[in-house]
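Notes follow the structure.
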Amino acid sequence: MTFTTRFNTYASEDDTISCEAEGFTFTARIVVDDCPDAPDQRQDGFWPSLYKNAPGFIGPGNGFRQRFADAQAKAEAVMEAWRKGEWFYCGIVLSVERNGIELDPHAASLWGVECNYPGTDNSYLTVVANELLPEALDAGRAAASRLAATVTGWAST
């Protein structure tokens, strides 16, 4: 049970991929994360540091100044790309349906995922969707059971 298609190398809000398992259809979609915080506000250690107890500590050893300069340049490029809107944080949200009936529009999700992050191909978005599938399958089974109990109860009255 996996998504065999993947999200595009350059993805947009509301892009989707789908797969089927156990009679259910699962759709994973990209939803823009509504948290406006910048990457350096979300991630401890985003900015490199030469201080031993600070998040982002580069570490001692040969070439630490060059490693620091490289990490600083990368962090600055990532921040600039974020400011320009070239990448964004998103949620991967899975919905589940059976026989064309949506059972749960938000069966599973993970938020704060980087979409179109510099130097990546967005393959991680599909990895996240696949990791959420077991949770979505459980939600689909539970929703189908509730629906069946409701229909059975209604039919017997």
Rounded to the nearest 10 degrees, the helix 64-83 long axis (Cα) sits at an angle to the longest Cα principal axis of the chain of 50
Under the 7 Å Cα-to-Cβ spin-label approximation, Y51 and A148 lie apart by a distance in nanometres of 5.9
Which of L103, L50, L133 fluctuates most in a GNM of the chain (C-alpha springs under 10 Å)? That residue is L50
In debye to the nearest 20, the charge dipole size for the chain, taken about the Cα centre with +1 at each Lys and Arg Cβ and -1 at each Asp and Glu Cβ, equals 420
Mean separation of Cα contacts under 8 Å (at least 6 apart) over the residue count of the stretch 39-83, i.e. the relative contact order in percent, is 32
Residue separation between E86 and A69 times 0.36 nm, minus their alpha-carbon distance, gives in nm 3.8 nm
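When only Cα pairs under 8 Å and 6 or more residues apart are kept, what is the percent relative contact order across the chain?
On the way: 249 pairs, mean separation 38.4, N = 157.
RCO, the chain: 24 percent.
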Out of N122, N62, N130, a Gaussian network model of the chain with alpha-carbon springs under 10 Å gives the largest mean-square fluctuation to N62
Whole-Hz Karplus couplings 3J(HN,Hα) for the stretch 9-22, θ = phi - 60° and coefficients 6.51, -1.76, 1.60, Gly and Pro as x, run 4, 10, 10, 10, 4, 6, 4, 9, 9, 9, 8, 10, 7, 6
Read-out log10 I(q)/I(0) by the Debye sum over Cα atoms at q = 0.09, 0.12 Å⁻¹, candidates [x] -0.36, -0.61; [y] -0.43, -0.65; [z] -0.26, -0.48; calculated match is [y]
In degrees rounded to 10, the 0-90 angle between helix 123-155 Cα long axis and the longest Cα principal axis of the chain is 20
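May I ask you to derive the FRET efficiency for E20 and Y124 from their Cβ-Cβ distance with R0 = 30 Å, giving the value to the nearest 0.05?
Details: r = 23 Å, r/R0 = 0.76.
With R0 = 30 Å, the Cβ-Cβ based efficiency is 0.85.
Throughout, read-outs are computed from the coordinates displayed, never taken from laboratory work. For clarity, every value in this text was computed on a predicted model and none was experimentally measured. All Cβ positions, glycine included, derive from the backbone under ideal geometry; neighbour counts span all protein chains shown.
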